[in-house]
Every structure is written in structure tokens, then in C-alpha cells.
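So the structure is just underneath, and the comments pick up after that.
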Amino acid sequence: MRIESGVATDVGRVREGNEDAFAIEPPLYAVADGMGGHRGGEVASQLALQTVVERFRAHQGSLAEQVQAANRAVYERSASDRKVTGMGTTLTAAVVSGDRAHLVHVGDSRAYLLRAGALRQLTDDHTLVNRMVKAGEISAREAAVHPHRNVILRALGQDPDVAIDEQDVGLIEGDRLLLCSDGLTVMVPEDQLQAILEATAGAPQEAAERLVRAANGAGGIDNITVLVLDVLEGEPPLADDGTPAVDEEAAAAAMGPPPSAEEPASLRSRRWFRWTAIALGVVLALAVGLAGLRTWLDSQWYVGVSNGHVAIFQGIPADLFGFELSHVAEETDIPAAEAMALPVYAELAKGINANSREDAAARVEQIRKDLRTAQHQRQATGAGS
Ligand code: MG
């Protein structure tokens, strides 16, 4: 896979400075949204990304460790420089390698995945309102207008250590990843995000610019930063000197070591044992489940149609992976078409539930009786033969 990216950042229509920042260091992509007075936000977001990029280039640690180092850098600067005391920043970053993306995330910037016509938010906002929504205290709709919707629960630079969300996302050709600051998502609803992303397929730069315009069009109350990554077929491009322009070694370091072929034999056998145990467990569960299902099905009865006749079935009128979950217990001589001509039995072919075999038999007798009654009525009114 290779990535084609587009990026746009804008101060918005209300703020005086742009405290957002982004990094494009293929295959590393990141957005950061700084906060704090007296340019503190700007310092925080840039210092954080600079720290991550330096360590990424130097193959120093995993991406999460690089972000942890960025947290420490912002925290220490904030503690030592009175002009920027209390500053902080969000950070949402992705390293893309082969057919997966490794995502790390702190704060309320977001990552989305657009795949096959569906837009999915990959990250979880570390905000007060999101926590309230998850606890069922307020609705998503209430969160959008909540007076404390700006309160962030986690950001870089607040404490010596920060909890970092990490996840791996498998990628397929045609995927589109969106990394953005909240200046986009508070202004532009998700259905509109998706519409713009879909309307600009194949043109990530245009996508980024149109999303920023949409946020400004809606009021632009905050800085807006948008990174759009298109996942395309093919190899990463080469630099002028013929070496890959994408630092795959840095990616490998950042994403953590791939599963090694030379793992210790003891680990291999432990794994083999574990997988065998899991497989046995699954087989056992299936066997118990099937036995239970069989017992339960044997206790189920209904009246339906077999060979054009009203019939009593044992089981339920359905199939599971092509296996019928019922069989005929008794086929009667009552023509099904005649029964179904009566409105009460119009649904006979779908099955009429019964509590037991006796109950099913009673229902059959009721059908027989109802047909006789209908026949008598037809004869009485002269409509019948
Ligand atoms: Mg913001």
C-alpha cells in the first residue's frame, strides 16, 4: 500500500492565532491542538509534534513512547517557563505501514476511517461530555450544546505521564483516513464530513481544503486542521537517490516489532498448547450447544404446509446455515390451499405455533372444523357447489 495525503490548516474566523499543528513525515502523520494563553497552545502543539518527529526519525522507541516523550517535553517546558505555564495539547497520530495503521491518541482531536460508504470514528474523545454520554447521563445531542463541552480530561503536558490510547487498524485499498482537530468536528456534522470526503474521492488535498472551508462556512469558531490520507495500491514512492522515500524502518520501530519467525521454542509450544486448548473448547461448546439446540427443537411444534397438505412439524419454521430446523411429524389429508383461502390461515405456510404435539393436533382439528363451517356457509348462501 502507499499513501497519498492532503492537509489544510486554518486559524478559523474567530481566533487570533492558530494553535493547531500538524506533521507529515511519511509514514507518520499527526495533528495536535494546543491550548494555553500567551501563545502557550502554539508552543505546546509544535513542541509535541517536533519531539515525536525527531524520535520517529531516530527510530527511538514505539510511537506511544514517542508521544510519552512529547508529553514530558511539554510538561517540563510548562513547568520551567512562566509564560507558558499550564499549556497543553491534544495529539492524534498514525503510522502507516504495509496494510495497517497504528494510531495513538490523547485529547479531543479525532481520527476517522471512511470505508465502503461508511464513516467510522476511530478515536474516543477524552472530554467530560463524552464521559457523560458514555455513562448515560446525557445524550450525544445534549453533549453538542453542553456548556462544558470544551472540557478536556486528557492532554499532553498536564502531568509527568499521560495515558495514551493505542490501536491498530487494518487497511484496504480505497480506505480514507481523516485526522482532524475539533475545530472541524464541532462545526461540521458527520454526515456532511462524509459527503465531502466522498465527493472528493481521489483528491485528498481538495478534500482537506473543502473540509476547512465547510468549518469556516459554519462559523469557524476554532482553529481547524485536517489531514486526509488515501490508501492506494502499490509500493511507497522512491526518493531521488532511489531509496524508499518512506522510512519503513522508522515505521517498524514505531509500530513495534513484527511477529518474529525466530521466537523461542518454548513460546511456540506454549502457543500451540493454547491454540489447541481454544480449539477443543470451541468444539466442546459447539457440541454442548448443538445438543441443547436439538433438545430445545424437539420440544417445539407448529402447523405448516408439506406436499400441499396441512402438516404438523416438530422444530421451528426456519433454517440455520441451510439446515432445516424442523421435520414433518404428521401430514394430514387437508389441502393447504383450501385452509389458506380462509383469512385466519393465510399465513399457514409460515407456520402456526403450537405448545405441544397435542396442541398442534388440536389446531389441525380446528382447521378441519373451520373448513367445514365455511363449506356449509357457502352451500347455505348458494355460492358453493
Ligand atoms: Mg481546537
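The values are calculated or read from the model by the stated rules, or taken from the named source; none is laboratory data. Bear in mind the structure is a predicted one, so any value in this text is a computation, not a measurement. Backbone-built Cβ (ideal geometry, glycine too); neighbour counts: all protein chains shown.
Some points to look at:
- Pro257 at pLDDT below 90, surrounded by fewer than 11 Cβ atoms within 10 Å (Cβ to Cβ), of a type outside the set (S, T, N, Q) and closer than 26 Å to Leu91 by Cβ: yes
- Only one entry of Thr200, Thr127 meets the criterion of being away from the ligand (no atom under 16 Å from the Cβ), in contact with an Asp or Glu (Cβ under 8 Å, 6 or more places away or on another chain), assigned by TED's automatic domain parsing to the domain that holds Gly107 and among the hydroxyl-bearing types (Ser, Thr, Tyr), and that entry is Thr200.
- Just one residue in the set Ala58, Ala48, Ala23 is assigned by TED's automatic domain parsing to the domain that holds Leu179, within 17 Å of Arg154 (Cα to Cα) and not charged (D, E, K, R); that residue is Ala48.
- Flag if Ala336 is of a type in the set (A, V, I, L, M), over 46 Å from the mean Cα position of the chain (by Cα) and within 19 Å of Asn307 (Cα to Cα): yes
- Selected residue (criterion: nearest to the chain's Cα centre (by Cα)) from residues of segment 8-48 that are of a type outside the set (Gly, Ala, Ser) and away from the ligand (no atom under 16 Å from the Cβ): Tyr29
- Of all residues in segment 1-49, those satisfying the criterion of being out of contact with any strand residue (DSSP E or B) (no Cβ under 9 Å at 6 or more places or on another chain), more than 20 Å from Val104 (Cβ to Cβ) and not hydrophobic (A, V, I, L, M, F, W, C) are Arg13, Arg15, Glu16, Gly17, Gly37, His38, Arg39.
- Evaluated against (1) over 30 Å from the mean Cα position of the chain (by Cα); (2) assigned to a helix (DSSP H, G or I); (3) closer than 24 Å to Ala245 by Cβ, Ser78 falls short on exactly one condition, (3).
- When the strands (runs of 3 or more DSSP E) confined to segment 304-385 are screened for residues that are closer than 28 Å to Leu290 by Cβ and among the charged types (D, E, K, R), those reaching at least 3 such residues are found at 323-335.
- The listed residues are Ala207, Ala215, Ala195, and the only one of them that is more than 15 Å from the ligand (Cβ to nearest atom), surrounded by 20 or more Cβ atoms within 10 Å (Cβ to Cβ) and part of a helix (DSSP H, G or I) turns out to be Ala207.
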